[in-house]
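Enquirer: I have a structure here, written as structure tokens, and I will follow up with some questions on it.
The values are calculated or read from the model by the stated rules, or taken from the named source; none is laboratory data. The structure presented is a predicted model; accordingly, all values stated were derived computationally and were not measured. Positions of Cβ are generated from backbone atoms using ideal geometry, with glycine treated the same way; all protein chains shown enter the neighbour counts. For accessibility, only protein heavy atoms count, side chains too; no ligands or nucleic acids. Shrake-Rupley method; radii C 1.70, N 1.55, O 1.52, S 1.80 Å.
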Amino acid sequence: RPYAAAPGEGDSGFMLCITWLLNTQPTTSMMQLAWIVLDSLLLGKPSSPLTKALEDSNLGESVIGGGLDDSLLQSTFSIGMKGLKKREDVNALEVLIMETLHKLDSDGFSEDDIASSMNTIEFSLREGGGGLRGME
């Protein structure tokens, strides 16, 4: 649906950001870590499947949403693009996101991708980043 923009700022086309509510009750540390790993697998680097699918689609100018946001009691996962040229691209982007997630659900991630994400997260936790310090 339309969004507010200052004069001259709304000329860059359309945007779509899909956001899922992940929980309604506080999550366990293990579940929080699982969401962090999944976020890393989906969006953690340029070659991550969801990031790559969006960037290779040429439907929009840049990826938006930021993935996992667990800073509040209710965590969310958001993904989308801004700078879509045509209204039809909004529907095409939604289909692309959902098809990519369904493909990952059926095919899974490679062991190398999982190991890479786990290594990155472990390094981040050891260096004091993130709130799961006690999980070491």
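Enquirer: May I have the convex hull volume per residue, in Å³, for the Cα set of the stretch 43-121? The partial results should precede the final answer.
Expert: Values: hull volume 8.8 nm³, N = 79.
Looking at the stretch 43-121, the number lands at 111 Å³ per residue.
Enquirer: Two decimals is fine: what is log10 I(q)/I(0) at q = 0.15, 0.23, 0.26, 0.27 Å⁻¹ for the stretch 77-130, from a Debye sum with one equal scatterer on every Cα and no solvent?
Expert: -0.68, -0.90, -0.97, -0.99
Enquirer: While we're looking at this one, here's another question. Rank-order 22-30, 97-105, 36-44 by packing density, defined as the average count of other C-beta atoms within 10 Å over each peptide's residues, highest first.
Expert: On the way: 22-30: 11.0, 97-105: 13.7, 36-44: 20.4.
Going by the mean number of other Cβ atoms within 10 Å, highest first, we get 36-44, 97-105, 22-30.
Enquirer: A further question follows. For the stretch 18-103, with all protein chains present and a 1.4 Å probe, just round the carbon and sulfur fraction of the accessible area to a whole percent.
Expert: Values: 2810 of 4940 Å².
Carbon plus sulfur share of accessible area: 57 percent.
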